[in-house]
Every structure is written in C-alpha cells, then in structure tokens.
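One structure below.
The values are calculated or read from the model by the stated rules, or taken from the named source; none is laboratory data. Everything quoted here is computed from the prediction, not taken from an experiment. Positions of Cβ are backbone-derived with ideal geometry, glycine not excepted, and every protein chain shown enters the neighbour counts. Just so you know, the surface numbers come from the protein's heavy atoms only, side chains and all, with ligands and any DNA or RNA stripped out. Shrake-Rupley method; radii C 1.70, N 1.55, O 1.52, S 1.80 Å.
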Amino acid sequence: MIRIAAVGDVHVDKDVLGRYRPALEQLPGVADALLIAGDLTRHGTVEEAKCMAIEFGELGVPVVVVLGNHDHQSDQQDALSDVLRDAGMTVLEGDATVLEINGHRLGIAGAKGFGGGFAGACASSFGEREMKNFVGTTEAIAERLGAALRGLDCDALVALTHYAPVPETLVGEPLEIYPFLGSYLLGQAIDSAPTALALHGHAHHGSERGRTPGGVPVRNVAHPVIKQAYNVYQLLSEDVDAGLATV
Ligand SMILES: [Fe+2]
C-alpha cells in the first residue's frame, strides 16, 4: 500500500508560517509522500518561496510539487523552484519522478497545466495569434504531461497538476470561468497512460471528486476545498474504492 498526502493552493507567505506545520509534523506516521498541487505562494516571490521551504521543508517524507499560476506572478518561477529544490523538494514541470515506497515504485508525472475549457465549451486554436498561443500553450503542456506519464515504469502512477483536467471538480465555481480553471486536454493526457489517480488544485470553490472520461479518479485538493492541511489517499490497497476515500 502507498499512502499519498496531498494538498494544493497553500499560498504560503510570512503570515502563513506555522499554520500548516503542526499537521505536517504528523506526516511520517500517516503518509509515505506529500504531493502539492501548485499555488505554493501568494505572489510567486523568492521571499515567499523561502517561507514555503521553511513551512514544508524537512518533513521526513518526500515532497513533490508543481507550480501554480500564483507562483508565476512575479516572473521568478525559476528562482522560486531553485529555493524549493534546495529545501529538498522535487519540482515537476512536464517531467516525472519515481519514489520507492514500501517495496513499490510510485511514479509521479507533473505539470502546472493551463486553461482552455472542456468539451462543448472550450477555446480552439483558430483566428488571432493570441488565441492560438493560448490554446497552443495548453496543448504543449498536455503533450509533455502525457509523454511523462507514458514514459514511467512503475507500480502506481499519479498525475499532479495545478489546473483541472475535468469539469466535475470545478462544480461550485462560476461556469463562466471554467476555461480559466482547466482543460480537457489535461484529462486526455491523463487517460493516455494507466494513471491511478489525478490530483489538482486551483479551483478554490470547486468540489473534491471527479473522474476523467477514461475513468481515472480525480481529486481537487485545493486547501479551501479539503479544508485541512492535507488529505491522504491510498493506492495499491486491496479495496481500490475504499483506498481512494479520504483517510
Ligand atoms: Fe491557482
């Protein structure tokens, strides 16, 4: 069995220091790894990244993250990522990592993702160059995520994004902003590999549970949605449905 703790949208700055830490100190007893689905900071500054490194550093379990849109706000995403890596975290963007856990290989492919919308109400690559760039950005990210997932050789495969791959986990958000919250292309990437679980954040007013068209369980772990420091999901347990319940 593999126990994955997950949260997103923790938006750490100096005012948040200490808020997550008491629950994080419990992690080694309840989970084998922590995955964070982007929006680690408020405005994407190096200073905030240092706060993030303090709050989520040295937890005693591996920490794997993707960045979110907030982490790009100050155009310091590369320096921000360096701070997190220096603190021992794995930062994914269109690539993957494998963790050895309890004799199993847990593969995690991650990317921030981007918007575009969902079936029947999505942006298309047509017309102005700006629109083609918008859609093309999502297409490129989804392509890299899919390739990273398909390239993994492991016992359990998890996709980690900030933007949503399905609309079900956006329920609660205004319909009008769905195209800025995620893209079906991410869902297609997730379905292109034997993914066991897809985790995302970004939709603070969304819902926790959804499923891709291919049947992969999707969980929106944005902190305002799960309302706790992290949820824990079990993979490779005997009862898969029970395993994906929050423990
Ligand atoms: Fe976000």
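So how do L145, L99 rank on accessible area, 1.4 Å probe, biggest first, that is with the largest at the start? If you can, show how the numbers build up before the last one.
Values: L145 0, L99 25 Å².
My answer, sorted largest first, is L99, L145.
Rounded if a/c is under 1.5, else prolate if a/b beats b/c, else oblate: with a ≥ b ≥ c from the C-alpha gyration tensor eigenvalues square-rooted, which is the range 52-129? Oblate shape, in that a/c is at least 1.5 and b/c is the bigger or equal ratio.
May I ask you to compute the full-extension gain from R209 to D95, defined as 0.36 nm times their residue separation minus their alpha-carbon distance, rounded to one decimal in nm? The partial results should precede the final answer.
Working: separation 114, 0.36 × 114 = 41.04 nm, distance 2.47 nm.
Value of the extension gain: 38.6 nm.
Given the options G206, G214, G127, state which has the largest fluctuation in a GNM of the chain using a 10 Å cut-off (strictly under) for Cα springs. Ranking G206, G214, G127 by mean-square fluctuation puts G127 first.
Percent of C-alpha pairs per 5 Å bin in the range 5-86, short distances first: 3, 17, 29, 28, 15, 6, 2, 0.
For T169, T45, the ranking by accessible surface with the largest value first comes to T45, T169, using a 1.4 Å probe.
Cβ-Cβ distance of E47 and A23, R₀ of 30 Å, FRET efficiency by 1/(1 + (r/R0)^6): the value works out to about 0.80.
For the chain, a Kirkwood radius taken over Cα pairs fed into Stokes-Einstein (4 °C, viscosity 1.567 mPa s) yields D = 73 µm²/s. Using just its DSSP H runs of length 4 or more, each adding -39500 (n - 2.57), the chain gives a mean residue ellipticity at 222 nm of -7500 deg cm²/dmol after division by all residues. Taking every protein chain into account, the accessible area of the range 6-94 amounts to 40 square angstrom per residue (probe 1.4 Å).
The alpha-carbon of K14 sits under 29 angstrom from the alpha-carbons of these lysines, leaving out residues fewer than 8 places away in its chain: K50, K112, K227.
GNM on the chain, C-alpha springs below 10 Å: top fluctuator among F114, F126, F180? Answer for the Gaussian network model of the chain: F126. Between the beta carbons of S124 and V30, assuming R0 = 41 Å, the FRET efficiency works out to 0.40 to the nearest 0.05. In the full protein context, the range 106-247 carries 43 Å² of accessible surface per residue, based on a 1.4 Å probe and ignoring ligands, DNA and RNA.
Subtract the Cα-Cα distance of M131 and D153 from 0.36 nm times their separation in residues, and report this length gain in nm to one decimal. Numbers along the way, then the final one.
Values: separation 22, 0.36 × 22 = 7.92 nm, distance 3.60 nm.
Residue separation times 0.36 nm, minus the Cα-Cα distance, leaves 4.3 nm.
Between D13 and R105, what is the FRET efficiency for a Förster distance of 30 Å, r being their Cβ-Cβ separation, to the nearest 0.05? Present the calculation step by step, with values, prior to reporting the outcome.
Details: r = 36 Å, r/R0 = 1.19.
Approximately 0.25, to the nearest 0.05.
Cα centroids of the range 205-234 and the range 58-113: 18 Å apart. Taking label points 7 Å from Cα along the Cα-to-Cβ direction, A79 and M1 give a separation of 4.5 nm. Ranking of R209, R19 by solvent-accessible surface, largest first: R19, R209 (1.4 Å probe, protein heavy atoms only, all chains present). Who wins for biggest fluctuation among M52, M89, M131 in a Gaussian network model of the chain, springs between alpha carbons below 10 Å? In this elastic network of the chain, the residue with the biggest mean-square fluctuation among M52, M89, M131 is M131. Of the solvent-accessible surface of the chain, computed with a 1.4 Å probe and all protein chains present, 51% belongs to carbon and sulfur. Shape class of the range 128-211 from the Cα gyration tensor (axes a ≥ b ≥ c, square roots of the eigenvalues): oblate, since a/c reaches 1.5 or more and a/b does not exceed b/c.
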